[in-house]
1. Kindly indicate whether A:ILE462 is of a type in the set (Val, Ile, Thr), open to solvent by less than 20 Å² (accessible area, probe 1.4 Å), modelled with pLDDT of 90 or more and more than 30 Å from A:PHE219 (Cβ to Cβ).
2. Taking the condition of being in a loop (DSSP other than H, G, I, E, B) and either modelled with pLDDT of 90 or more or charged (D, E, K, R) (or both), how many residues in the stretch A:147-163 meet it?
3. Kindly provide the set of residues from the stretch A:243-296 that are among the aromatic types (Phe, Trp, Tyr) and assigned to a strand (DSSP E or B), ordered by number.
4. At pLDDT below 85, touching a strand residue (DSSP E or B) at 6+ places or on another chain (Cβ under 7 Å) and surrounded by fewer than 24 Cβ atoms within 10 Å (Cβ to Cβ), is that true of B:ALA123?
5. Only one of A:SER106, A:SER76, A:SER115 is free of Cβ contacts under 8 Å to residues at least 12 places away in the same chain, open to solvent by less than 30 Å² (accessible area, probe 1.4 Å) and either closer than 25 Å to A:ASP430 by Cβ or not assigned by TED's automatic domain parsing to the domain that holds A:LEU470 (or both); which?
6. Can you name every residue in the stretch A:240-269 that is open to solvent by 10 Å² or more (accessible area, probe 1.4 Å) and either within 14 Å of chain B (Cβ to nearest Cβ) or more than 22 Å from A:VAL479 (Cα to Cα) (or both)?
7. Can A:GLN377 be described as of a type outside the set (Gly, Ala, Ser) and more than 11 Å from every other protein chain (Cβ to nearest Cβ)?
Amino acid sequence: MRFTPILAALALSASAAAAQDAITVAIQLEPPNLDPTAGAAGAIDSVLYSNVYEGLTRFASDGSIIPGLAREWEISEDGLTYTFHLHEGVTFHDGSAMDAEDVKFSLDRARAEDSTNAQKGLFAPIESVEVVDPLTVKVTLSAPTGNFLFNMAWGDAVIVAPESADNLANMPVGTGAFKFDNWVQGDRIELSRNPEYWGEPAKLARATFKFIADPTAAFAAVMAEDVDAFVGFPAPENLPQFEADPRFQVLVGNTEGETILAMNNKLPPFDNVKVREAVAHAIDRQAIIDGAMFGVGTPIGTHFAPHNPAYVDLTDLSQFDPELSKKLLAEAGFADGFETTLKLPPPSYARRGGEIIASQLRAVGIDAKIENQEWAQWLENTFKGKDFGLTIVSHTEPMDIGIYANPDYYFQYGKPEFVALMDKLNATTDPEARTALLQDAQRMIAEDYVNAYLFELAIPTIAKTDLKGLWLDQPTQAVDLTGVSWGQ
Amino acid sequence: MSRNLTLGIALTSVFVLAAFVSFVFTPYNIEQLDIPAKLQPPSAQHWFGTDHFGRDILSMIMVGARTSIAVALLAVGIGMGLGIPLGLGAAALRGGWLDEVIMRGNDLVFAFPSLVIAILITAVFGAGAVNAIIAIGVFNIPVFARLTRGAALGLWSRDFVLAARVAGKSRARISLEHILPNIANLMIVQGTIQFSLGILAEAGLSYVGLGAQPPIPSWGRMLADAQTLVSIAPHLALFPGMAIILTVLGLNLMGDGLRDWLDPRLRILRT
């Protein structure tokens, strides 16, 4: 480490010369396209959410829902009608005005039969969208939906214009504080300040997103100050080094990423709840957090974010107990264990976690054959093709317990009782009743041992010390730069 | 025996021995992860330190030697097993259409960059030790086929082969009984060199995640795993790196030494 002061000195002179109204932010994954209303990839939102595209409502860093393009709204007594009042003078980046017609267009487009929206479920409760006047739009729901304002904050529910909607994948046109400038595929996306912005203008004049997937390259890029911030730094083992370095601040925030060991509930032997319970008890969460994440992460016992007020700690249901696990396997008729596959996507939580889990499963007699897959392969073969016994993945969407109601989702649960519970939840607007139902749902999937719940993914962000206003937590996958500035 | 040969054999046998010993004994059980003991520097308990899962690196290298040697040996076996008969056949039928087919087939395989095709094979058929063996083995075939044909062609015009033909021996019998024994030395030397290249190729494939899959330890994957940790725990990369270097060095020295030692012309000079 003797060379650090020299490097620091070099870097200092370099950064002093640079203008302080630009930022280069690195993230790990590059978006496959730039249209959040048609693509499922979280990386699209990482770059564009809130920066370029805005919805009626939006997430704040703490997960709360705040007004977006709608400055305020009224909800009818029966919970069926939402009247949104839009901000005045909002224009898209191509100069056209944003009004109630655009809102109607965006919502109708997203819920249409032929819609390619990745989260169509968000719009399912909408029965009709009505333009009252250019700045007022009335949305009527078919059933009360407690989550509706939350749904409208998602990156998939942003407002787009009919003139530009077909070409968003390459040429994003939104209403946000930053305009899209340029995309050098495989390297970077450049944004610049939108001078016509309707709200408080961005403090940064230019923002560049760089895509650095490789952990070693990520480490080097931050150390060499090639990037000003790295959101979602991929190598937690390096955090102590950054913490000890006065040039950097390390923010470890919460995410909505429930990291799970998913089991194929329709594939024998995982169709047997005893086998799933045995798997859950064979796993030592703390060892995985320490070994794969270098201690960064919170253990979870169900598919729910622990920082959510409705979270129930159910980790006791699946305590690390190899003896119990062996007993359960014997009861299920697998006294000698069995063989299965463990398919691992690229992130280190999966690759490293997978090696630890395979070793823990081996200890109770389950021989999980590791197969490392690239993301495209994983999505095709494991996620869509359901050709797996076990896999590890982090579900980063907020409040996504509803995926358990879908029997075709890759782990194939969809128990009718759970579906009924979700239907009831969707029809409930009373916050306390909703919390109770959410807790029932958490218990049901934990008691059915649908998956083995490992930990809530934490997101480490490394930034230059004088960079202010970055999100700490990630209620949705986003790098919101609208409030970011260089401090003194 | 030359100094090179002695040193080469010594280095190689250290690793071969380590591989064999690992079947019955390793200092620690590498299937047992010990997370609290992770990333320890070398010490009296762990001579080479521990990795990011708390596994003993010395034990990992011993078992990793097994993987490297097995993959490289089988790959060379494929190369020799198919390449030598093809080369003998081509030489026996020199000038014929079969000779042409075999040699142009060789050129075809040679024309591809070997490691890239090995990556293709493992990417298409799935990562794993068996596919790595096949991928590396395929590229050993033309090496041996060409060498065999070249050496055998020279022998076919020698008097003792002519005598055998006059005696009525078939081409196949001559190839087996007279040609093969005379090129065996050459094949052993080439085999040693190819073996060292095989070890490198296996390490390369494992490094990009296409070789032996976890939990089977492999030197290449140990290096890949060490990548992000090298600034906090350099020993993680040092020892597997040294293992690869020393094995390859040993095999190359051994190949060189064997060539000098087995070459009849040099032998005459020596005596």
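The values are calculated or read from the model by the stated rules, or taken from the named source; none is laboratory data. Just so you know, these numbers come straight off a predicted model, no measurement behind them. Glycine also receives a Cβ, built like all others from the backbone with ideal geometry; neighbour counts cover every protein chain displayed. When the accessible area is computed, the model is the full protein with side chains, heavy atoms only, and any ligands, DNA or RNA have been set aside. Shrake-Rupley method; radii C 1.70, N 1.55, O 1.52, S 1.80 Å.
1. no
2. As a first pass, look at the stretch A:147-163 and keep what is in a loop (DSSP other than H, G, I, E, B): A:147, A:152-154, A:158-163.
Okay, now just the ones that are also either modelled with pLDDT of 90 or more or charged (D, E, K, R) (or both), so A:152-154, A:158-163.
Here the count works out to 9.
3. Correct list: A:PHE248 only.
4. no
5. On the way: A:SER106 fails: free of Cβ contacts under 8 Å to residues at least 12 places away in the same chain; A:SER76 fails: open to solvent by less than 30 Å² (accessible area, probe 1.4 Å).
The unique qualifying residue is A:SER115.
6. Once the filter is applied, which keeps residues that are open to solvent by 10 Å² or more (accessible area, probe 1.4 Å) and either within 14 Å of chain B (Cβ to nearest Cβ) or more than 22 Å from A:VAL479 (Cα to Cα) (or both), the stretch A:240-269 yields A:PRO240, A:GLN241, A:GLU243, A:ALA244, A:ASP245, A:PRO246, A:ASN265, A:LYS266, A:LEU267, A:PRO268, A:PRO269.
7. no
The rows are residues; the columns are (1) surrounded by fewer than 18 Cβ atoms within 10 Å (Cβ to Cβ); (2) part of a helix (DSSP H, G or I).
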{"site": "B:ALA151", "(1), (2)": "no, yes"}
{"site": "B:HIS178", "(1), (2)": "no, yes"}
{"site": "B:ALA184", "(1), (2)": "yes, yes"}
{"site": "B:VAL189", "(1), (2)": "no, yes"}
{"site": "B:PRO215", "(1), (2)": "no, no"}
